[in-house]
Amino acid sequence: MSKDKLELRVLELLEEFEDKLESYPTVPLTGKILVDRDDLLNILKDINVMLPDEYQHVRWIKSQKNQIVEEANKVAEEILTNAQSEELRIFEMAKAKERELLTAADARMRELVNEHEIVRMAHKRAQEIVRDAEEKAEDIRVGSYEYAEEIMKKVEFNMEKVLGTIKENVEELEKYK
């Protein structure tokens, strides 16, 4: 069916719908009408069949919105789990490196214990190494939290985008009610 004929047929069906609404009897004192539900539903079904595929696709998306949101939530949970695992891995690596540095500092200090000046210098150097290790561990910990925050912001952005798309689709569908 050509586009012009399709549009003409839809207009005819809408006119038929309007005529039927005007022809139904009114309920006294209320201004409401009694309608033949099947008649009107048949006309609406005929119009729906003639709607372009894009409108049918929008209807399908609206019917699937819960599934889309559910899938987005699963993706968000997976990203969060991955970020938490990565944070834990980085934190464990920092602790291992700290232990390694402390062990190395302790061993070096024991080697220099024989002479007083050397012992004093070694103690000072050990403190610097411990402080550096603590700073590095803190930097790694802060970095892992920043990484997790960045991932969560990306998830939030993507979720907002998906929800925005869904809202737009719902609004688009509500225009055709």
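The values are calculated or read from the model by the stated rules, or taken from the named source; none is laboratory data. These numbers were taken from a predicted model, which means no experiment stands behind them. A quick note on method: Cβ atoms are made from the backbone with ideal geometry, for glycine too, and the neighbour counts reach across all protein chains shown.
Points to keep in mind about this one:
- Identity of the residue in region 18-41, aliphatic (A, V, I, L, M) and free of Cβ contacts under 8 Å to residues at least 12 places away in the same chain, that ends up surrounded by the fewest Cβ atoms within 10 Å (Cβ to Cβ): LEU29
- Among the residues of this structure, GLN56 does not count as one that is surrounded by 11 or more Cβ atoms within 10 Å (Cβ to Cβ), at pLDDT 90 or above and among the polar types (S, T, N, Q).
- Among the residues listed as LEU88, LEU44, the single one being over 27 Å from GLY143 (Cβ atoms) and either surrounded by 11 or more Cβ atoms within 10 Å (Cβ to Cβ) or in the same structural domain as ARG131 (by TED's automatic domain parsing) (or both): LEU44
- Scanning region 91-104 for residues that are surrounded by fewer than 15 Cβ atoms within 10 Å (Cβ to Cβ) and either in contact (Cβ under 8 Å) with a residue 40 or more places away in the chain or not in a helix (DSSP H, G or I) (or both) yields a count of 3.
- Looking across region 146-177 at every residue that is surrounded by 14 or more Cβ atoms within 10 Å (Cβ to Cβ) and over 20 Å from ASN66 (Cα atoms), the one that is farthest from the chain's Cα centre (by Cα) is identified as TYR147.
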